[in-house]
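Right, one structure below, let's go through it.
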Amino acid sequence: MEISLAKLNVYFNAVLSTGLFSKTFCYFTLIQEPKTWTEAQSYCKKYNTDLATIQSDEDRYKIQEIAISMKFQDRAWIGLSKNLWLWSDQSKVSWTSVKWAEGQPDNTNGNEKCGFVRETGLIGDEDCLHPLPFFCTGETRCEISWISE
Ligand SMILES: [Ca+2]
């Protein structure tokens, strides 16, 4: 059976240990249960990861790949927030490598201090208390399944 990349679902746990699949498939994990930004960050950290950092074409491609495979068409928190716009791990944002969605950031009501990513891999700002699905980074919660023909 041939397994195409587009049919891979990225999910939870240990299939990787079989050695059948590349680790790159679990670069990010999408958690579909909506949480506030802070709750989402805590959730990722509980599994020894962090909210996703998205600042390269490869990162954007991974987001798109996961979104397609999980039929996800929404916004999801990533590890971006401002006072000074930092990633969740406190590293600085490389603004040349961040790509905003059209019309973003718009800081609606002056209250959008956290970053989300769309299924396109492009990012925007939103009220941190707004519950959204979210992307964790890291490899501790990865599982791969696929749909056969
Ligand atoms: Ca916004």
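The values are calculated or read from the model by the stated rules, or taken from the named source; none is laboratory data. The structure presented is a predicted model; accordingly, all values stated were derived computationally and were not measured. Cβ sites come from the backbone with ideal geometry, for glycine too, and all protein chains shown count toward neighbours.
Considering every residue within the range 127-138, establish whether at least one is part of a loop (DSSP other than H, G, I, E, B), modelled with pLDDT under 95, more than 16 Å from the ligand (Cβ to nearest atom) and surrounded by fewer than 14 Cβ atoms within 10 Å (Cβ to Cβ).
no
Any idea which residue in the range 92-105 is farthest from the ligand (Cβ to nearest atom), counting only those that are exposed (fewer than 12 other Cβ atoms within 10 Å of the Cβ) and not hydroxyl-bearing (Ser, Thr, Tyr)?
Among those residues, the one meeting the criterion is Lys92.
From Thr96, Thr29, grab the single residue that is under 26 Å from Cys128 (Cβ atoms), under 13 Å from the mean Cα position of the chain (by Cα) and at pLDDT below 90.
Exactly one of Thr96, Thr29 is under 26 Å from Cys128 (Cβ atoms), under 13 Å from the mean Cα position of the chain (by Cα) and at pLDDT below 90, namely Thr29.
Could you look through the range 57-91, keep only residues that are closer than 20 Å to Cys136 by Cβ and acidic (Asp, Glu), and pick out the one that is nearest to the ligand (Cβ to nearest atom)?
Top of the filtered list is Asp74.
Determine which member of the set Ala67, Ala76 is part of a strand (DSSP E or B) and aliphatic (A, V, I, L, M).
It is Ala76.
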